[in-house]
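Enquirer: Attaching a single structure in structure tokens format; questions to follow.
The values are calculated or read from the model by the stated rules, or taken from the named source; none is laboratory data. Source: prediction; values computed, not measured. Glycine gets a Cβ as well: all are built from the backbone with ideal geometry, and neighbour counts include every protein chain shown. Keep in mind that these areas ignore ligands, DNA and RNA; they rest on the heavy atoms of the full protein, side chains included. Shrake-Rupley method; radii C 1.70, N 1.55, O 1.52, S 1.80 Å.
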Amino acid sequence: MPDAPGLELLAQELREADDASVLATEFFRGKGAIQVRPGAIREVLQLLKGKGFTFLASVHGLDYYPEEPRLGVQYELLDMRALDRLTVKLRVPLDEPTVPSVTPDWPTADHQEREVYDMFGVVFEGHPDLRRILMPEDYEGHPQRRDFPIGGEPVFFTYNEQKGPGYTR
């Protein structure tokens, strides 16, 4: 892990490339995190790739309900040579939940961005195939949002009822 001074040094290098890119840093329980401006995510991840963080392990969606900006996206990066990990975070408001897609630079983000879009409603601009991946295409809503109704709707499976020999009802 980059230690706290190492994290601040890394954040300072990111600020030198774009002074408005880094919003905050956090070092908690031995893990570093950098919060960035949503529009700067591609550039920040590219700079971190040049610093050795060459493996994008995962992309996650978050809902900070009732706070605003409400929706968040986290990118987990690994430096396989130094065995370091780093979290890059961003937050977007519910009324404009758009983030540039990192899929062109990090192909492993393809399905992960689709899942965040499907479950939370974050739109990844420039994604090559942004559509639902877990829910049906005509599904309304985003089930991982904290204000999503619990319990859902009843599901009827009448198409696969047994109606063969010995069936009684």
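Enquirer: Could you tell me what percent of the accessible area of segment 1-133 is made up of carbon and sulfur, with a 1.4 Å probe and every protein chain present? Walk me through the numbers on the way to the answer.
Expert: On the way: 3420 of 6500 Å².
Of all accessible area on segment 1-133, carbon and sulfur atoms account for 53 percent.
Enquirer: If I model a spin label as a point 7 Å beyond the Cα along the Cα-Cβ vector, how far apart are those points for Asp147 and Lys49 in nm?
Expert: Placing both labels 7 Å beyond Cα along the Cβ direction yields 3.6 nm.
Enquirer: Applying a 10 Å radius around every beta-carbon, put 71-84, 126-139 in order of their mean neighbour count, most first. Before the final figure, lay out each step's value.
Expert: On the way: 71-84: 17.1, 126-139: 11.7.
Per-residue mean Cβ counts within 10 Å order the peptides as 71-84, 126-139.
Enquirer: Taking R0 as 41 Å, what FRET efficiency do you get between Glu8 and Asp138 from their Cβ-Cβ distance, rounded to the nearest 0.05? Spell out each step's value before the answer.
Expert: Values: r = 48 Å, r/R0 = 1.16.
According to the calculation, E is roughly 0.30.
Enquirer: Sequence neighbours fewer than 8 away in the same chain don't count; with that in mind, list the aspartates and glutamates whose C-alpha is under 12 Å from Lys31.
Expert: Of all the aspartates and glutamates, those that pass the test against Lys31 - Cα under 12 Å, at least 8 places apart if same chain - are Asp3, Glu76, Asp84.
Enquirer: Right, next: Rounded, prolate or oblate: pick one for segment 1-70, where a ≥ b ≥ c are the square roots of the eigenvalues of its C-alpha gyration tensor, a/c under 1.5 means rounded, and failing that, prolate if a/b is larger than b/c, else oblate.
Expert: In terms of gyration-tensor shape, rounded.
Enquirer: Want the number for Thr98 to Phe28: 0.36 nm per residue separation, take away the alpha-carbon distance, what's left? The partial results should precede the final answer.
Expert: Values: separation 70, 0.36 × 70 = 25.20 nm, distance 2.77 nm.
Gain in length upon complete extension: 22.4 nm.
Enquirer: Once you order the gyration tensor axes a ≥ b ≥ c over the Cα atoms, which shape class does the chain get: rounded for a/c under 1.5, otherwise prolate or oblate by comparing a/b with b/c?
Expert: It is prolate, given that a/c is not under 1.5 and a/b is the larger ratio.
Enquirer: Further question on the same structure: Using the crude model of +1 on Lys and Arg Cβ and -1 on Asp and Glu Cβ, and no other charge, please compute the dipole size for the chain relative to its Cα centre, in debye to 20.
Expert: Numbers: 19 positive and 29 negative charges, 113 e Å.
Using only the charged Cβ atoms, the result is roughly 540 debye.
Enquirer: Near the amide H of Ile133, under 5 Å away, which other amide H atoms are found, from residues 5 or more places off or on another chain, if H is placed in the peptide plane?
Expert: Asp118
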